[in-house]
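Before any comments, here is the structure.
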Amino acid sequence: MPTKVDYKALMDLPDERGHFGPYGGCFASETLMSALQDLSELYEKLWRTPEFQREFDYDLAHYVGRPSPLYHAERLTKQVGGAQIYLKREDLNHTGAHKVNNTIGQALLAKHMGKPRIIAETGAGQHGVASATVAARLGLECVVYMGSEDIRRQALNVYRMKLLGAEVVAVDSGTKTLKDALNEAMRDWVTNVDNTFYIIGTAAGPHPYPKLVRDFQSIIGREAREQCQEMTGRLPDALVACVGGGSNAIGLFYPFIADEKVEIYGVEAGGYGIETGQHAAPLCDGRPGVLHGNRTYLMEDDSGQIAATHSVSAGLDYPGVGPEHAWLKDCGRANYVAINDDEALNAFRTLTRIEGIMPALESSHAIAYAMKLAATMSPDQNIVVNLSGRGDKDIHTVAEIDGIGI
Amino acid sequence: MSRIQNCLQQLKDQGRKALIPYITAGDPQPGVTVALMHELVKSGADIIELGVPFSDPMADGPVIQLACERALIYGTRLVDVLDMVSEFRSQDDQTPVVLMGYLNPVEALGYERFMTLAQKAGVDGVLTVDLPPEEGLEFCAELKKHNMDAIFLIAPTSSDQRMKQICESSSGYVYYVSVKGVTGSAALDVDAVDERVKAIRQITDLPVGVGFGIRDNESAAAVSRVADGVIVGSVLVNKIAELADSPAEIPQQVAAIIKGMRQAMDA
Ligand SMILES: Cc1ncc(COP(=O)(O)O)c(C=O)c1O
């Protein structure tokens, strides 16, 4: 564990081989190594060019609908009785979540590489939808891998992807959820690496994915920083975001990493409760290992087999986490906490009823923690919560829990 | 000279090629593995690649994925695989054994502890599919310290520069993956393999084993004409799957496949 860390230096990570301290890196099978190196080189070359930035910004403005608003949730604030709660409205993006920021960016890379086919893995289906959407727009073939358990949970998004022209492949191996979808997408990529671009949906995977996903998602934090200063005259006191693989969270956090006074909270899925072992909270209750191309915190058994996870939200139901979060945790820059299924469902209902905003179950974890945190703070303090997606896709799940068939 | 180097040198002196079967340890039951290893040796196997079961075998096709799942039902852990190697060694101190698997079980055990236990068990080489040489400096150094060979994959997509780097980190032999894809995928193209193996030989004096896509006696014989070793996995594992309910028959019937390949290669 590092003793004294220069927060500003954290922003220069990863190093050129993708390491965030001992985490990250590129642990991929040899067949993919050249493709990953090519991608890394192309990305480093393109990302900072004005042309690429202009293309990216144009799409974010005119296709995604950015900037997304920062909304002062006054009724929620009042009910909680503490710090002011501001919601970064990624739910208002085209396709309904933050995921599209990243797929727009990666699709631009695919276009520059001349790849006619894209593949993606998805848990909640939001990344699959966002990938199918950019594929439709660019006329690319699109195949989305999804665990069969998640296909059941997220039927609406499955049909959305099909309407958009994507092929959705059910993955029946392992736990039939996000991690297995990722395995299967990797297998596809190894086989079709010549003509295929793999759009990874979160800030994990082998280098350069954690870096480029973070860079594409950082638009969230850059906007929030400006908006918060405009609305409150200063930076927020705390940031809160849910953490599945960690893309919406790192997108919000990254531009604030050097701002020491801003407290950072990542919220993992506590499932039935950390103490039950049935959760998806590797940073709260896991240990470092190697999976899906990077070294990071994992949920695993004593012998290094990856553990089955549980969360009511498919998008958080993943045994690993992006390597940058692992390092932010060890450095003490960010705090990682867990919210259980029940608490998240409660937050889902609360926000819907008193603000008229229906959050995704993933985002509901962040809302639930922000409510707890706000209650311990004073009314002259401000919290920015990343409302990473909208909850339409989860209505079936909630109805099922309520015992209502729709 | 390591057991692997010794074995491959002897074969070379005899003008023969190495036949290297892959099986997943503990598949379909832990009790089968050691008996099967001995039977494979009797039927003409020169080196045995022993798969360490992993919950998320990303580089493997459905055949070996299912083998991992079967082995994990009985909870076959890395330390159990090492026990199997020890047991095998008590009757065979000649045939090299290479562990093949993924990094995470090794990480969980700890490099130090793994190296010590593996050496003591009589493991000769380790191939970790998701550990490229640039991430494996410490790992390779530890292997060397414990007199085990570091075996790496070379793929059809590897650049010349990468091939060099891989060969510099390797010892024992290098493993050329003959097709773009996962284990058990499409059949290989012998001419293309020949060309790549020649390119590898420009870079290194290490023996070159070729695996992925070798299905029958003909493909085994064809590959043996262009490479130093023939690595066979999915066909054997498929046979094991077929016989999962009558495990007593596994050693004989699986070894029969190896026997046929041996004859075809030596003919
Ligand atoms: C709305 C929403 N929020 C959060 C997540 C979790 O992913 P990440 O941690 O990468 O933001 C998902 C994933 O599907 C999602 O759909």
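The values are calculated or read from the model by the stated rules, or taken from the named source; none is laboratory data. Here the structure is a predicted model, which means the values were calculated and not measured. Cβ atoms come from the backbone with ideal geometry, glycine included; neighbour counts cover every protein chain shown. The protein model used for the area step is the full one, side chains on, heavy atoms only, and it has no ligands, DNA or RNA in it. Shrake-Rupley method; radii C 1.70, N 1.55, O 1.52, S 1.80 Å.
At a glance:
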| item | result |
| --- | --- |
| Boolean, A:Gly128 is farther than 15 Å from A:Ser247 by Cβ, more than 8 Å from the ligand (Cβ to nearest atom) and of a type in the set (Gly, Ala, Ser) | no |
| Looking only at region B:159-187, and only at residues there that are away from every other protein chain (no Cβ under 14 Å) and either within 17 Å of the chain's Cα centre (by Cα) or open to solvent by less than 50 Å² (accessible area, probe 1.4 Å) (or both), the one that is farthest from B:Ser234 (Cα to Cα) | B:Ser171 |
| Candidate set: region A:78-106, residues that are touching a helix residue (DSSP H, G or I) at 6+ places or on another chain (Cβ under 8 Å), open to solvent by 10 Å² or more (accessible area, probe 1.4 Å) and away from the ligand (no atom under 14 Å from the Cβ); chosen: the one farthest from the other protein chains (Cβ to nearest Cβ) | A:Gly81 |
| Filter result (in a loop (DSSP other than H, G, I, E, B) and open to solvent by 30 Å² or more (accessible area, probe 1.4 Å)) within region B:244-267 | B:Asp245, B:Ser246, B:Ala267 |
| Residue check, A:Asp259 more than 20 Å from A:Ala338 (Cα to Cα), within 14 Å of another protein chain (Cβ to nearest Cβ) and open to solvent by 10 Å² or more (accessible area, probe 1.4 Å) | no |
| Residue count, region A:40-85 (criterion: under 19 Å from the mean Cα position of the chain (by Cα) and in a strand (DSSP E or B)) | 1 |
| Given (1) in contact (Cβ under 8 Å) with a residue 40 or more places away in the chain; (2) away from the ligand (no atom under 14 Å from the Cβ); (3) touching a strand residue (DSSP E or B) at 6+ places or on another chain (Cβ under 9 Å), index of the condition A:Val398 fails | (3) |
| Residue ID - farthest from A:His94 (Cα to Cα), chosen from residues in region A:153-163 that are within 16 Å of the ligand (Cβ to nearest atom) and surrounded by fewer than 20 Cβ atoms within 10 Å (Cβ to Cβ) | A:Ala155 |
| Count of residues meeting criterion [without any contact (Cβ under 8 Å) to a residue 40 or more places away in the chain and either within 14 Å of chain B (Cβ to nearest Cβ) or within 16 Å of the ligand (Cβ to nearest atom) (or both)] in region A:193-226 | 3 |
| One residue from A:Val321, A:Val312 being of a type in the set (Val, Ile, Thr), within 15 Å of the ligand (Cβ to nearest atom), more than 30 Å from A:Gln79 (Cβ to Cβ) and surrounded by 24 or more Cβ atoms within 10 Å (Cβ to Cβ) | A:Val321 |
| When residues of region B:141-156 are limited to those that are in contact with a Leu (Cβ under 9 Å, 6 or more places away or on another chain) and free of Cβ contacts under 8 Å to residues at least 40 places away in the same chain, the one farthest from the other protein chains (Cβ to nearest Cβ) | B:Ala150 |
| Residues located in region A:364-406, provided they are in contact with a Leu (Cβ under 6 Å, 6 or more places away or on another chain) and not in a helix (DSSP H, G or I) | A:Val384, A:Val385, A:Asn386, A:Leu387 |
| Test: residue in region A:324-336 that is more than 15 Å from the ligand (Cβ to nearest atom) and free of Cβ contacts under 8 Å to residues at least 60 places away in the same chain | no |
| Residues that are closer than 23 Å to A:Ile306 by Cα and of a type in the set (Asp, Glu), drawn from region B:68-120 | B:Glu69, B:Asp80, B:Asp83, B:Glu107, B:Glu112 |
| Residue count, region B:49-82 (criterion: more than 10 Å from chain A (Cβ to nearest Cβ), crowded, with 23+ Cβ neighbours inside 10 Å and outside any helix (DSSP H, G or I)) | 3 |
| Matching residues, region A:231-243, being away from the ligand (no atom under 12 Å from the Cβ) and in a strand (DSSP E or B) | A:Ala238, A:Leu239, A:Val240 |
| The lone exception for A:Val190 - which of (1) more than 16 Å from the ligand (Cβ to nearest atom); (2) within 20 Å of A:Lys393 (Cα to Cα) it fails | (2) |
| Counted residues, region B:96-113 - those being more than 10 Å from chain A (Cβ to nearest Cβ), within 20 Å of B:Cys68 (Cα to Cα) and in contact with a helix residue (DSSP H, G or I) (Cβ under 6 Å, 6 or more places away or on another chain) | 1 |
| Among (1) within 29 Å of A:Ala73 (Cα to Cα); (2) of a type in the set (S, T, N, Q); (3) open to solvent by less than 20 Å² (accessible area, probe 1.4 Å); (4) away from the ligand (no atom under 15 Å from the Cβ) - the single one A:Gln305 does not satisfy | (1) |
| Subset tally (residues that are modelled with pLDDT under 95 and buried (at least 24 other Cβ atoms within 10 Å of the Cβ)) for region A:127-152 | 1 |
| Inter-residue pairs, beta-carbon under 7 Å, first assigned to a loop (DSSP other than H, G, I, E, B) and in region B:92-121, second at pLDDT below 95, 6+ apart | none |
| Sole residue being within 16 Å of B:Gly211 (Cβ to Cβ) and either over 16 Å from the mean Cα position of the chain (by Cα) or open to solvent by less than 40 Å² (accessible area, probe 1.4 Å) (or both), chosen from B:Thr33, B:Thr24 | B:Thr24 |
| Sole exception among (1) in a loop (DSSP other than H, G, I, E, B); (2) within 24 Å of A:Ser388 (Cα to Cα) for A:Gly304, by number | (2) |
| Criterion: in contact (Cβ under 8 Å) with a residue 24 or more places away in the chain, in a loop (DSSP other than H, G, I, E, B) and either farther than 19 Å from B:His38 by Cβ or charged (D, E, K, R) (or both) - qualifying residue of B:Ala221, B:Ala186, B:Ala241 | B:Ala186 |
| Subset of region A:107-124 that is modelled with pLDDT of 95 or more and in a loop (DSSP other than H, G, I, E, B) - its residue that is nearest to the ligand (Cβ to nearest atom) | A:Lys115 |
| Complete set of residues in region A:35-47 that are open to solvent by 10 Å² or more (accessible area, probe 1.4 Å) and farther than 25 Å from B:Glu107 by Cβ | A:Asp38, A:Glu41, A:Leu42, A:Glu44, A:Lys45, A:Leu46, A:Trp47 |
| So A:Ala366, is it open to solvent by less than 20 Å² (accessible area, probe 1.4 Å) and modelled with pLDDT under 95 | no |
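So that you can scan it fast, the table gives a plain yes or no per residue for (1) open to solvent by 10 Å² or more (accessible area, probe 1.4 Å); (2) of a type in the set (Phe, Trp, Tyr); (3) assigned to a helix (DSSP H, G or I):
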| residue | (1), (2), (3) |
| --- | --- |
| A:Tyr265 | yes, yes, no |
| A:Gln278 | yes, no, no |
| A:Val290 | no, no, no |
| A:Lys329 | yes, no, yes |
